[in-house]
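Participant: Before anything else, here's the structure in question.
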Amino acid sequence: MRAHSRRSAHRSVARSASVAGLGLAMLAACTTSSGSAPSRPTQATTSSSSPRPSQSSTRSSSSARVASFTSALVPLPVSAVADPASTFTLGPDAQIDVHDGSAGAQQVALDLAQTLRPPTGFALPVVTGAGRPGGIALSLDADDHSLGDEGYTLVVADDGVTIKANAAAGLFYGAQTLRELLGPAIEAQGAQPGPWLVPGGKITDYPRYSYRGAMLDVARHFFPVSTVERYIDELSMYKINMLHLHLSDDQGWRIAIDGWPKLTTVGSSTAVGGGTGGFYTKADYTEIVTYAQAHFITVVPEIDMPGHVGAALSSYASLNCDGVAPPINVTIDVGQSSLCVGKADTNTFVRAVIGELAQLTPGPYIHIGGDEAQSTSASDYGSLIAMAAQTVENDGKTPMGWADIEQAQLPPGTVAQYWSYQNGVGYADDAAKRGGKLVMSPAEHVYLDQKYTLDTTLGLQWAGIHELPDAYDWDPSVLVSGASAAVIGVEGPLWSETLSSLADIEYMAWPRMAEVAEVAWTPQASRAWASFAPRLAAQGPAWKVLGVNFYASPKVAWPAAG
Ligand code: NGO
């Protein structure tokens, strides 16, 4: 399957930065770019297990790794009951049984096999059947409504692992949990010595929120398909299910639109600081969408309007009120561009772009931006956003926008993305009152583009300095009082004014995106930094094996190089 070969390709690229053997030695976290701040003002019910006795001298070296059932799990499951008397050993004759042979379960089984085969060196055939002792059984007959479409149960016994779910997404998430239980060496591309032990117990798990998102700004700097797919690989390990792509801004337009060729010949030609541009062809975009789907991630495309639209204004003079196309503004100043509202060409443009994106996008949402339109009058803003949102609705999708869109008349189901700037709370309150939904991206917690410390070379700092645990220590349901029922989830935006490579993306995203993932998945009552920090530390060795350029925050006791 295509997704699998892609994943392998990315993993081998990643491993070129890795190290020999188990790949567990420290990788220096390096950064390559620098940036400056814009002028924006600041404003479980889980049970623990005791260490398992090692069963042989060869296993004793792994006993620490399997010491506790949940010690490596991010996000923390809803319920995990250890069975210290049991241990499953994945052996050379193991097979992956797909109980009902359905296509969705088959896809998950093949994906899991693709991950497990290189490090184990085992054949791990995927077969249809009821589950043979010594193997991994996947089944879609969980028959438990409380699990929903994304939940799963995972039982680890001496004689096998069984993952059950109501839908394929749940099986996929169960498989991600199994990866974590197997330990970091399972992420390696080359054969590892094993043994492959899984601590015994039972997990019952399902997400707190249905929208668990990451945003990638591919407009300020363009990132190729392979980089986006690599980020998808990483996000999917943490049960993230939405990828919001910020496809246009002042500095660049990043998707081909039929009938508007200058958006790419002109609008995509550069990036922040005058750097190299780029754009996705429709085939590229479809490839990203398909790759994301194979990882149970839905793409949310964003075209920002009526502000943050400089690249389009530079491409087509007719979109400007004075009929003159300005040069592309490659600075990171905000609020200087606006579509010419009311002009026939503007309406034609907005409808064409939304229509094509709706055609290309299988997911339910089209994001229309709507933030920081400081060069648009209030009445123009209201009419443009209302028209764009209605166009999305007419095209069969649900409109989504930064919470500022609450200044306009919106279709009832429109999703507002709270980012806590200026009147953010007021807008979020308005969204809840009109019966809309909210995705929470408070800049002071989950803006992954903000610096970790004053010394961080990459990143901005208008929303503060975000060391750990800033992205972890908050509750999405209480930021806007009275709006908790409207909250459908959480998203970690990664703006790219200062980021221009995969290494930059990874450095700013990890470990903070893992914090966001647990905020979005795990019940609030089960979350505590003291429990999370050691589980986060356990991700470090896996990231090193995968070659992920994460920030080794001093707030976490990362395992020593081994
Ligand atoms: C703001 C702004 C973006 C910037 C980002 C940088 C929103 C919604 N609009 O967030 O254009 O890139 O901050 O942190």
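The values are calculated or read from the model by the stated rules, or taken from the named source; none is laboratory data. For clarity, every value in this text was computed on a predicted model and none was experimentally measured. We place every Cβ from the backbone using ideal geometry, glycine too, and count neighbours over all the protein chains shown.
Participant: May I ask you to say which residue of Gly200, Gly274, Gly194 is modelled with pLDDT under 95 and surrounded by fewer than 24 Cβ atoms within 10 Å (Cβ to Cβ)?
Facilitator: Gly194 is the lone residue from the list that is modelled with pLDDT under 95 and surrounded by fewer than 24 Cβ atoms within 10 Å (Cβ to Cβ).
Participant: Then there's this: Checking Gly464 against (1) surrounded by 24 or more Cβ atoms within 10 Å (Cβ to Cβ); (2) within 16 Å of the ligand (Cβ to nearest atom); (3) farther than 25 Å from Thr270 by Cα, which test does it fail?
Facilitator: Checking Gly464 against (1) surrounded by 24 or more Cβ atoms within 10 Å (Cβ to Cβ); (2) within 16 Å of the ligand (Cβ to nearest atom); (3) farther than 25 Å from Thr270 by Cα, the one that fails is (1).
Participant: Same structure again: Can you name the helices (runs of 4 or more DSSP H) wholly within region 378-456 that have at least 2 residues being within 30 Å of Asp473 (Cβ to Cβ)? Break it down stepwise before answering.
Facilitator: On the way: elements: 378-394, 424-433, 443-446.
In region 378-456, the matching helices (runs of 4 or more DSSP H) lie at 424-433, 443-446.
Participant: Tally up the residues in region 270-291 that are hydroxyl-bearing (Ser, Thr, Tyr) and either in contact with a Pro (Cβ under 7 Å, 6 or more places away or on another chain) or not in a helix (DSSP H, G or I) (or both), please. Walk me through it before giving the result.
Facilitator: Within region 270-291, the subset hydroxyl-bearing (Ser, Thr, Tyr) is 270, 276, 280-281, 285-286, 290-291.
Within this subset, residues satisfying the condition of being either in contact with a Pro (Cβ under 7 Å, 6 or more places away or on another chain) or not in a helix (DSSP H, G or I) (or both) are 270, 276, 280-281.
Of the residues in that region, 4 qualify.
Participant: Any residue that is modelled with pLDDT of 95 or more, in a helix (DSSP H, G or I), of a type in the set (D, E, K, R) and surrounded by 22 or more Cβ atoms within 10 Å (Cβ to Cβ) - is there at least one of those in region 531-540?
Facilitator: The initial filter retains those residues of region 531-540 that are modelled with pLDDT of 95 or more, namely 531-540.
Within this subset, residues satisfying the condition of being in a helix (DSSP H, G or I) are 531-537, 539-540.
Filter again for of a type in the set (D, E, K, R), leaving 535.
Cutting the leftovers down to surrounded by 22 or more Cβ atoms within 10 Å (Cβ to Cβ) gives us none.
Looking for residues that are modelled with pLDDT of 95 or more, in a helix (DSSP H, G or I), of a type in the set (D, E, K, R) and surrounded by 22 or more Cβ atoms within 10 Å (Cβ to Cβ), one finds none in region 531-540, hence no.
Participant: Here is a further query. Being within 19 Å of Lys164 (Cβ to Cβ) and either at pLDDT below 90 or not in a strand (DSSP E or B) (or both) is the filter here, so list the residues in region 117-138 that pass it.
Facilitator: Hits for region 117-138 are Gly129, Ala130, Gly131, Arg132, Pro133, Gly134.
Participant: Report, by residue number, each residue of region 152-174 that is small (Gly, Ala, Ser) and buried (at least 24 other Cβ atoms within 10 Å of the Cβ).
Facilitator: Selection gives Ala165, Gly170, Gly174.
Participant: If you don't mind, there's one more thing I want to ask. Which one of the conditions (1) within 16 Å of the ligand (Cβ to nearest atom); (2) more than 14 Å from the chain's Cα centre (by Cα) does Glu491 fail to meet, given that it meets all the rest?
Facilitator: Condition (2) is where Glu491 drops out.
Participant: For residues that are buried (at least 20 other Cβ atoms within 10 Å of the Cβ) and either in contact with a Leu (Cβ under 6 Å, 6 or more places away or on another chain) or over 15 Å from Val155 (Cα atoms) (or both), tally how many sit in region 127-141.
Facilitator: Total satisfying the criteria: 1.
Participant: Take Thr177 and decide whether it is outside any helix (DSSP H, G or I), β-branched (Val, Ile, Thr) and farther than 30 Å from Gly274 by Cα.
Facilitator: For Thr177, the condition - outside any helix (DSSP H, G or I), β-branched (Val, Ile, Thr) and farther than 30 Å from Gly274 by Cα - is not met.
Participant: Which ones in region 508-530 are crowded, with 21+ Cβ neighbours inside 10 Å, part of a helix (DSSP H, G or I) and not β-branched (Val, Ile, Thr)?
Facilitator: Met508, Ala509, Arg512, Met513, Ala514, Glu515, Ala517, Glu518, Ala520, Trp521
Participant: If you check Ala443, Ala386, which single one turns out to be among the hydrophobic types (A, V, I, L, M, F, W, C) and more than 16 Å from the ligand (Cβ to nearest atom)?
Facilitator: That would be Ala386, the only listed residue that is among the hydrophobic types (A, V, I, L, M, F, W, C) and more than 16 Å from the ligand (Cβ to nearest atom).
Participant: Okay, moving on. Of the residues that make up region 522-542, is at least one touching a Pro at 6+ places or on another chain (Cβ under 8 Å), closer than 26 Å to His221 by Cβ and hydroxyl-bearing (Ser, Thr, Tyr)?
Facilitator: For region 522-542, residues touching a Pro at 6+ places or on another chain (Cβ under 8 Å), closer than 26 Å to His221 by Cβ and hydroxyl-bearing (Ser, Thr, Tyr): absent.
Participant: Is there a residue being closer than 24 Å to Ala520 by Cβ, crowded, with 24+ Cβ neighbours inside 10 Å and in the same structural domain as Gly277 (by TED's automatic domain parsing) anywhere in region 372-388?
Facilitator: No; the residues of region 372-388 include none that is closer than 24 Å to Ala520 by Cβ, crowded, with 24+ Cβ neighbours inside 10 Å and in the same structural domain as Gly277 (by TED's automatic domain parsing).
Participant: Let me ask another. Restricting attention to region 299-350, report how many residues are surrounded by fewer than 22 Cβ atoms within 10 Å (Cβ to Cβ), away from the ligand (no atom under 16 Å from the Cβ) and in a loop (DSSP other than H, G, I, E, B).
Facilitator: 12
Participant: Filter region 410-427 down to residues that are farther than 18 Å from Gly213 by Cα and among the aliphatic types (A, V, I, L, M) and give me whichever is surrounded by the most Cβ atoms within 10 Å (Cβ to Cβ).
Facilitator: Within region 410-427, the match that is surrounded by the most Cβ atoms within 10 Å (Cβ to Cβ) is Leu410.
Participant: Next up: Would you please list the contacts, defined by Cβ atoms under 7 Å and residues six or more apart or on different chains, that run from a residue in region 496-518 that is within 17 Å of Ala538 (Cα to Cα) to a residue that is among the charged types (D, E, K, R)?
Facilitator: Ala517/Arg212; Ala517/Lys239; Glu518/Arg527
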